[in-house]
């Protein structure tokens, strides 16, 4: 079963990829007491990996100031605006903590206690120590400030945040299209038999890629989710595609879809699964999108593709209360020829106008060009200057 495993060149991502592979292939081979199957884990150079580490290769994301001697990091340049939004919340909570505990808390103290609260809760499942210092409403506000930061620095806050992830989006959908093409050509070769111009062995089940697993970080997962238009508020999907500014996530107690705990939790993931379900001489393909599955629990959309002959009828259903972007974008039945049409036109194509290197390459301002002085004019200038010097010397001697 051909399965490709890619990881970014960071040790913890490599460890995750290897551990996942050990579990996935356990009992399927003949290696060791666990009957492991051998598998390979590959990675690209950090300097050129535009699929999983596009944020490191994107010069416009890394450098925003070409005029200053010290070039500014894009995220660093956005932090003052984020801090300006967060400071009133921290000041308000700090003042409340002073009154509540009679201690001279500072804004930095509140920030440090909030960080400790998150570490205790996530790593140790302790919520009655540092977290116990805050009221539930204060915790909700502090979570919102974290969500603002994630939204601005990695999410929908700036279009560059997710436009640089277009190569990954394109690669994901192309790999699915290739799998469908291989299966359909295999089915066609079987149908035509000896008259088929296709070689069945090239498309037999197991001869083409069954899965592509990628292990990276939040800086990869969050932009990919944004490219799919996830975790938006109602009509914002179309706003995002029109590259219009989006509002910040609503402040508590208002409800919001954008939450760091669901957008990018520990061990967060996105998954597109393509199923083939033959029935009544027709091939049915089920494309299921899953996010943060525990285990494989789909939160967003299911697209049902029914392939008849050389045509496809795409119908849509959704089991998500969070977002119905595909229903908004593609509702109804479609008579089309290839699997990728709906996804390509509604999701992928709008982003394809943002070619990676056009988005990411730094556009240097050309220095003002001074007219070039010809060699001949330079020679005349030197001769006349020498003559003037000789004349001055003669006048002094006289």
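Residues are listed down the side, and each one gets a yes or a no for (1) at pLDDT below 85; (2) in a loop (DSSP other than H, G, I, E, B); (3) closer than 16 Å to residue 149 by Cα; (4) over 20 Å from the mean Cα position of the chain (by Cα):
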site: 52; (1), (2), (3), (4): no, yes, no, no
site: 78; (1), (2), (3), (4): yes, no, yes, no
site: 85; (1), (2), (3), (4): no, no, yes, yes
site: 88; (1), (2), (3), (4): no, no, yes, yes
site: 98; (1), (2), (3), (4): no, no, no, yes
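Answer yes if at least one residue in the range 116-128 is closer than 21 Å to residue 84 by Cα and either at pLDDT 95 or above or in contact with a strand residue (DSSP E or B) (Cβ under 8 Å, 6 or more places away or on another chain) (or both), and no otherwise.
Checked the range 116-128: no residue is closer than 21 Å to residue 84 by Cα and either at pLDDT 95 or above or in contact with a strand residue (DSSP E or B) (Cβ under 8 Å, 6 or more places away or on another chain) (or both).
Among the candidates 227, 198, 246, which residue alone is touching a helix residue (DSSP H, G or I) at 6+ places or on another chain (Cβ under 6 Å), modelled with pLDDT under 75 and farther than 25 Å from residue 18 by Cα?
Values: 227 fails: modelled with pLDDT under 75; 246 fails: modelled with pLDDT under 75.
Of the residues listed, the single one that is touching a helix residue (DSSP H, G or I) at 6+ places or on another chain (Cβ under 6 Å), modelled with pLDDT under 75 and farther than 25 Å from residue 18 by Cα is 198.
Checked against the criterion of being within 21 Å of residue 268 (Cβ to Cβ) and under 26 Å from the mean Cα position of the chain (by Cα), the range 108-116 contains one or more residues that satisfy it. The residue pairs whose first member lies in the range 238-258 and is without any contact (Cβ under 8 Å) to a residue 12 or more places away in the chain, whose second member is surrounded by 14 or more Cβ atoms within 10 Å (Cβ to Cβ) and assigned to a loop (DSSP other than H, G, I, E, B), and whose beta carbons are closer than 7 Å, counting only pairs six or more residues apart or on different chains, are 239/246. Of all residues in the range 24-46, those satisfying the criterion of being under 18 Å from residue 212 (Cα atoms) and loosely packed, with under 11 Cβ neighbours inside 10 Å are 38, 40, 42.
Among the residues of the range 204-229, those identified as out of contact with any strand residue (DSSP E or B) (no Cβ under 7 Å at 6 or more places or on another chain), outside any helix (DSSP H, G or I) and on the phi < 0 side of the Ramachandran plot are 204, 205, 207, 208, 216, 217, 228.
The values are calculated or read from the model by the stated rules, or taken from the named source; none is laboratory data. Computed from a predicted model, the values in this text were never measured in an experiment. Cβ sites come from the backbone with ideal geometry, for glycine too, and all protein chains shown count toward neighbours.
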